[in-house]
């Protein structure tokens, strides 16, 4: 899918988010090498630290679905406002989709596409086991 199509799919999916505290509904779709989309939405908790971001939900869904390597991730808000993955999501993208491109809506309203390494240039890594 194109970057714009990924973001549009994420924005549509965001309508399903559970965001009673912030009101910010976010969706994410992870596309695997077979072209299959794995979606997720943000799910807020009253204990804010337990809140799950849409990107991490989509990545977890891709793992649960046995996805082929992930090639792209689109992130979008239900209201079409700009959004980029948070630091925790960037780290998980590095671990589960290091070669993926990430599409999101920028501050000017345009869709931007970046490599995971551009979003997180110095990721945390554990030493080899």
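No value in this document is a laboratory result; all are computed from the given coordinates. Quantities reported herein were computed from a predicted structural model and do not represent experimental measurements. Note that each Cβ is placed from the backbone with ideal geometry, even for glycine, and that neighbours are counted across all protein chains shown.
Take peptides 33-42, 67-76 and line them up by average Cβ neighbours within 10 Å, highest first, as a rough protection proxy. Display every interim value, and only then the final one.
Working: 33-42: 17.6, 67-76: 22.3.
So the order, starting with the most tightly packed, is 67-76, 33-42.
Starting from 0.36 nm per residue, how many nanometres of slack lie between residue 2 and residue 45 once their C-alpha separation is accounted for? List each step's numbers first, then the result.
Values: separation 43, 0.36 × 43 = 15.48 nm, distance 3.26 nm.
So the chain would gain 12.2 nm between residue 2 and residue 45.
Can you pull the Kirkwood radius for the stretch 3-119, inverse mean 1/r over Cα pairs, to one decimal in Å?
On the way: mean 1/r = 0.0736 Å⁻¹.
Taking the inverse mean of 1/r over all distinct Cα pairs, the stretch 3-119 comes out at 13.6 Å.
Does the stretch 28-93 come out rounded, prolate or oblate by the C-alpha gyration tensor, with a ≥ b ≥ c the root eigenvalues, rounded set by a/c under 1.5 and, if not, prolate when a/b is larger than b/c and oblate if not? Please report the intermediate quantities before stating the final value.
Values: a/c = 1.99, a/b = 1.49, b/c = 1.33.
Here the stretch 28-93 falls in the prolate category.
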